[in-house]
Structures are given as structure tokens and as C-alpha cells.
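The values are calculated or read from the model by the stated rules, or taken from the named source; none is laboratory data. Predicted model, so just to flag it, every value in this text is computed and none were measured. Here the Cβ positions follow ideal geometry from the backbone for every residue, glycine too, while neighbour counts run over all protein chains shown.
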Amino acid sequence: MDWSTLVAPQLRALKAYQPGITAEKLRRESGLTEVFKFSSNEAPIKPSPLIEAAMCAALGNANRYPDAQALLDKLAEHLGVPVASLALGNGSIDLIEGLVRLFVSAEHNVVLSEFGYSAYPAFVLGQGAKIRIARSGANFGHDIDNLLAQVDADTRLLLIDSPTNLSGAELAYADITRLLEQLPPHVVVVLDEAYAEFAGNAEKTAKLPQRYPNVVITRTFSKAYGLAGLRVGYAIADAGLLGYFHRIRPPFPVGGVALAGALAALEDSAHLALILNATRSGRQRLLEALAEEGVTVVAGTGNFVLADFGPAAKPVYEGLLALGFITRAMSAYGLPTHIRISIGAAAEIEMLIVAIAHLLQAHLNPHADQRHSALVTS
Ligand SMILES: Cc1ncc(COP(=O)(O)O)c(C=O)c1O
């Protein structure tokens with residue numbers, strides 16, 4: 001069967017989104033028993049006992065469809081926004097996909113940023129719409145003037161991530177409001193704040209939809225709350241907008257166990273603080289070690305760093321993988337000298353630092369002894 005003749009024409013040439021390699025896949029394919037994952041910007045800390053207990057309790061109700069009200073109410077209180085301005089999704093990416101479906105059809109274009117999150121284009125092309133790309137600015141972040149310059153009469157949506165998935169570059173609050181002030185009223189903005197809790201604007205940006213009804217904020221429990229496996233995200237938007245949004249959504253997008261876990265995570269502020277503190281100190285340690293090796297790191301916030309290894313990027317990435325360290329090569333983003341490294345657990349970061357130092361040394365001095373495994377297990 002030649003499916004390419006049946007798939008929608010605008011999607012035939014699309015490349016699949018490349019998620020980070022999972023630890024299980026590397027274990028299966030390499031035979032390595034010890035594998036360390038630094039590739040998908042997850043938290044390296046397991047759910048707290050409170051979160052786990054809440055999820056276990058919810059298991060007993062698995063015969064019933066879930067009720068999301070308790071999580072919605074808690075989120076509204078936590079964010080200081082009306083409960084009618086909240087919607088939940090199966091991860092924030094589910095909400096972003098739904099928002100594109102709600103607003104965009106074939107006669108429209110969507111403005112994206114050059115180094116925006118790579119999952120977006122498929123959603124736009126799926127609607128048969130066009131993509132207009134704005135050149136990125138400093139640190140691979142978004143440039144407001146370039147974004148505005150791409151907007152025309154057919155633009156229906158502007159979709160950007162801040163901090164960005166690529167470098168962690170964060171838009172200043174004043175730049176976000178300047179963008180919102182200057183956009184024509186026919187453009188809806190989706191501001192993807194998957195990394196909001198690591199950055200500085202979260203409290204203020206949560207309230208943006210109250211002042212600018214054409215902006216939707218999306219956030220997630222996958223990063224700072226450490227619950228990527230549960231798939232829970234939320235959107236903050238104008239209640240009127242959500243009235244339409246709910247019409248196109250599947251019933252019960254988030255399962256009961258995931259709802260219970262997310263609610264417990266919101267109530268367990270100590271666990272959030274633990275993840276934020278571990279991320280901060282791990283990030284600092286990694287930045288210092290990379291600087292010592294002469295590796296340039298792009299300025300940003302988030303639970304990861306984007307580092308420029310120059311010509312050593314490929315051998316370092318491949319060498320790390322061979323040793324069981326999964327990082328993210330950035331060649332698919334057109335940045336062949338960069339590697340993105342998520343902040344792992346402290347002990348794993350130390351092992352990673354040793355491995356990087358060794359691989360850089362081996363790259364500079366290829367004839368030196370290379371006993372990788374001895375290094376990592378020591
Ligand atoms: C910028 C950005 N947006 C959205 C997502 C998806 O997050 P979720 O797990 O909430 O679907 C990610 C995940 O890495 C991301 O980096």
C-alpha cells in the first residue's frame with residue numbers, strides 16, 4: 001500500500017518529530033545496563049510520597065470516568081485566575097494542538113519563530129495552513145520586531161515558546177506586552193510556557209489573558225512538577241475562547257490517576273521546591289564544568305543548557321551515547337555544533353562531567369588511551 005498518495009498532500013513531506021531517545025531504547029539497542037538520560041528536559045527526581053499516595057488512591061476509581069474539578073479549582077487558586085479561564089490537556093502539547101485546530105484553517109498562516117519548538121509545524125500543516133517563520137534573535141530567542149513583521153492579513157495565530165525549548169531564552173514581560181499591544185486583533189497568540197516555573201515571569205504572565213483576551217498561556221506538569229509521564233498540561237485563556245475550545249475537545253482528556261497526581265503536586269510545594277533547587281544547583285555545576293572545559297553555553301533559563309562544543313560536538317554526542325549518556329544533538333535544528341543537556345541528578349551530572357572532559361580530551365588528542373567504561377563506572 002502506498003500511503004503517500006492518501007496522506008493529506010501538505011503532510012507528505014513532513015518529517016516526524018524526533019523525541020529524545022528513551023533510556024529503555026538505548027538499553028535495548030546497546031546492551032548497556034546503566035543508562036543516564038539528559039535529553040528530554042524531564043526532572044530527575046521521582047514523585048514525592050504524597051504524590052504517589054494520591055495516585056495510588058485514584059487507582060481504585062479507575063472504573064469511573066474522571067472528574068477534573070478539584071484540580072481546576074486548585075489551579076485557579078494557585079494562579080490567582082478565574083476557574084473558567086482554565087482548561088486541562090493530555091500534556092500541554094495536546095492543548096497547543098487543539099488551539100491550532102480551533103483557530104487555523106487552510107486560508108490562514110501561522111507565525112512561528114526560527115528556533116521555536118519543533119513540534120509546532122506539523123499542527124499547522126495538518127490544517128493545510130501556511131507557516132511564516134520569524135528570524136530568531138539573541139541566544140536563539142524570539143525577536144518581537146521580526147515576529148510582528150511576519151504578521152499579515154491572513155495570520156490567525158502566533159505560536160512561541162518562552163523560555164524556549166532550544167536555549168531557554170526568555171522573553172521579557174515588557175516585550176510580551178509590546179507584542180500583544182502591537183498585534184492586530186485578528187491574531188491569537190499562544191504563549192507556550194512549559195518552563196515557566198524555572199523563569200521569572202510566571203506570576204505575571206498567568207494574568208495576561210485577563211488583560212489581553214487574544215493570548216492563551218499553556219503550561220505543564222511535565223517539567224518543574226516532575227510529572228512528564230502523567231501527561232497533564234493546562235491552558236489559561238479568556239473564558240469566551242474556552243467556550244469554543246471545549247466544543248472541539250475529546251471528552252476526558254486527562255485520566256483520573258494523572259489528575260490526582262497533578263493535584264497532589266500542586267499541594268506539595270516542598271516537592272516543587274526540591275526540583276527547582278536541584279535544577280538550580282545542577283545547572284550551576286554543569287555551567288561551571290563546561291566553562292572550565294572552554295565550552296560556550298547559551299544564556300537562558302530552564303532545566304537544561306544549550307552548549308556549543310564546536311567541532312567536538314559530534315564525537316562528544318556519540319561518545320556520550322556509547323557510554324550510556326543520552327543528550328540531545330542539535331543538528332536536526334540546524335545547529336550541528338550544539339548539544340542540549342537536561343539537568344540530571346547531582347551524581348549523574350558528576351559522571352557526565354567526567355565523561356565530557358574525557359571525550360573532549362580524546363577529541364583534541366585522538367591517540368591518547370580511551371578507556372571510557374573504566375571512567376564511568378569509577
Ligand atoms: C516548549 C515546550 N512546549 C511543550 C512541551 C510539551 O510538554 P508536555 O509534556 O506538557 O506535552 C515541551 C516538552 O518538552 C516543550 O519543551
Check your understanding: Taking the range 150-164, which residues are surrounded by 24 or more Cβ atoms within 10 Å (Cβ to Cβ) and among the polar types (S, T, N, Q)?
Key -> 162, 164
Review point. All but one of (1) more than 16 Å from the ligand (Cβ to nearest atom); (2) exposed (fewer than 13 other Cβ atoms within 10 Å of the Cβ); (3) in a loop (DSSP other than H, G, I, E, B) hold for residue 29; which doesn't?
Key: (3)
Point to revise | Residue satisfying all of: in the range 83-100; closer than 25 Å to residue 146 by Cα and touching a residue at least 40 places away in the same chain (Cβ under 8 Å); surrounded by the fewest Cβ atoms within 10 Å (Cβ to Cβ) among these | key: 93
Review point. Tell me, which residue of the range 89-109 that is among the β-branched types (Val, Ile, Thr) and under 18 Å from residue 10 (Cα atoms) is farthest from the ligand (Cβ to nearest atom)?
Key: 104
Review point. If you check residue 282 against the conditions, is it touching a residue at least 12 places away in the same chain (Cβ under 8 Å) and over 22 Å from residue 351 (Cα atoms)?
Key: no
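One line per residue, one yes/no per condition, for (1) assigned to a loop (DSSP other than H, G, I, E, B); (2) not β-branched (Val, Ile, Thr):
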| position | (1), (2) |
| --- | --- |
| 7 | yes, no |
| 10 | no, yes |
| 16 | yes, yes |
| 19 | yes, yes |
| 33 | yes, no |
| 43 | yes, yes |
Check your understanding: Which of the residues spanning the range 58-69 are loosely packed, with under 13 Cβ neighbours inside 10 Å, touching a residue at least 60 places away in the same chain (Cβ under 8 Å) and not in a loop (DSSP other than H, G, I, E, B)?
Key -> 59
Check your understanding: Any chance the range 171-182 includes a residue that's within 15 Å of the ligand (Cβ to nearest atom), of a type outside the set (Ser, Thr, Tyr) and either modelled with pLDDT under 95 or buried (at least 20 other Cβ atoms within 10 Å of the Cβ) (or both)?
Key -> yes
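Evaluate the following for residue 208: is it farther than 18 Å from residue 298 by Cβ and within 16 Å of the ligand (Cβ to nearest atom)?
In short, no.
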Check your understanding: Regarding residue 7, is this residue in contact with a strand residue (DSSP E or B) (Cβ under 8 Å, 6 or more places away or on another chain), modelled with pLDDT under 95 and more than 16 Å from the ligand (Cβ to nearest atom)?
Key -> no
Review point. Pairs, please: C-beta under 9 Å, at least 6 apart or cross-chain, first residue closer than 14 Å to residue 194 by Cβ and of a type in the set (Val, Ile, Thr) and in the range 160-178, second near the ligand (Cβ under 9 Å from one of its atoms) and assigned to a loop (DSSP other than H, G, I, E, B)?
Key: 160/116; 160/117; 164/116; 164/117; 164/195; 164/302
Study note, to complete from the structure: Flagged in the range 200-209 as loosely packed, with under 15 Cβ neighbours inside 10 Å and closer than 14 Å to residue 80 by Cα, in numbering order, are 203, 204
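Within the range 176-196, identify whether any single residue is closer than 28 Å to residue 258 by Cα, among the charged types (D, E, K, R) and in a loop (DSSP other than H, G, I, E, B), and answer yes or no.
yes
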Practice item. Filter the range 224-245 down to residues that are more than 12 Å from the ligand (Cβ to nearest atom) and buried (at least 24 other Cβ atoms within 10 Å of the Cβ) and give me whichever is nearest to residue 270 (Cα to Cα). Key: 236
